[in-house]
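Computed from the coordinates by the stated procedures, all read-outs in this text should not be read as laboratory data. All values derive from a computational prediction rather than experimental measurement. Positions of Cβ are backbone-derived with ideal geometry, glycine not excepted, and every protein chain shown enters the neighbour counts.
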Amino acid sequence: MKKQHIVILVLGVLIFVLGIGWYLNRKVETAVEEIQETQQEQTTEPEIEPQDELIISDTILPKFEEYYAQNDDLVGWIKVPNTLIDYPIVQAEDNDFYLHRDFEKNYLFDGIPFMDFRNILKPDLYDNTLIYGHNMGLKGTMFTELMRYKNIDFYKKSPLIQMDTLYHESQWKVIAVYEANTEPQYGEVFEYYNFVLAQNEAEFQAHLDEIYKRSYYTTGVDVQYGDKLITLQTCLNDKYDTKLIVTARRVRPGESLEVDVNAATINENRVLPR
């Protein structure tokens, strides 16, 4: 066989092998893409649409049944977009039990987000539901990333929080983000943590006025007497034991989930905790 024929044969074999390799590689890539797409479809939660009327289930929502079987202290779930906050919420007979325990009730310094023992789930939530979580600093877990709400630009990216109870799925519009002192030796104490159930409209509005004047910015989200609030608390980890609080209002039945974030403005004269 002539030398040029051998070269042509070798080139033909190489082209054939490369072609087979490319084909097999493409088949693998396609299979991986299909698997990833399937996983994404399975793990992506559908967005909660506002309901025309408030419907609170008489039984535990199916998505919580497995978790509730593991720990019947489960009361709900909280998820904040663009953060690591995506945790179950528990509730004990006091506000100490879950400070340093995980969902299985084993010791864990980080703790787990927990609801104030005074709050209820049925027939509906009280006027204000308090939920606590640790600021774990550089670790970034639990409620650490609530700190990002100090920046108005982050608020504009995440004006909605999802907080579901065992019996009802809800979206919540952030209305205020502020700092508060809880230790009398460091100045006037704002007892936001004792506002759970308003006695009347005046008391409800007085609480709103106090948080608005402390807030880093105004959001423009309206609040009416009868609306439900959630108050998320974490520590600033300063020497004064100052707390950072994010308060949000439940989306009303039939209300749009849209938030005009451009209406938010910096509060240049906010009341400082000290």
Note to self: C-alpha centroids of segment 76-121 and segment 205-237 sit apart, in Å, by 21 Å
Taking a ≥ b ≥ c as the square roots of the Cα gyration tensor eigenvalues, with a/c under 1.5 meaning rounded and otherwise prolate when a/b beats b/c or oblate if not, segment 161-274 comes out prolate
Looks like segment 206-255, by Cα gyration tensor root eigenvalues a ≥ b ≥ c and the a/c under 1.5 rounded cutoff (else prolate when a/b is bigger than b/c, oblate otherwise), is prolate
If each K or R counts +1 and each D or E counts -1, the residues other than Pro273 whose Cβ falls under 14 Å of its Cβ total 0
For Ala263 and Asp94, extending 7 Å from Cα along the Cα-Cβ vector and measuring point to point gives, in nm, a value of 4.3 nm
Note on segment 57-108: alpha-carbon gyration tensor, axes a ≥ b ≥ c; rule is a/c under 1.5 for rounded, else prolate if a/b larger than b/c, else oblate; result oblate
Relative contact order of segment 216-269 (C-alpha contacts under 8 Å, at least 6 apart) in percent is 47 percent
Cα-based Rg/(2.2 N^0.38 Å) for segment 104-143, rounded to two decimals, is 1.44
So for R0 = 41 Å, FRET eff. of Gln199-Phe103 from the Cβ-Cβ r, to 0.05, ends up at 0.70
So, with points 7 Å from each Cα along the Cβ direction, the Lys157-Asp124 label distance in nm works out to 3.4 nm
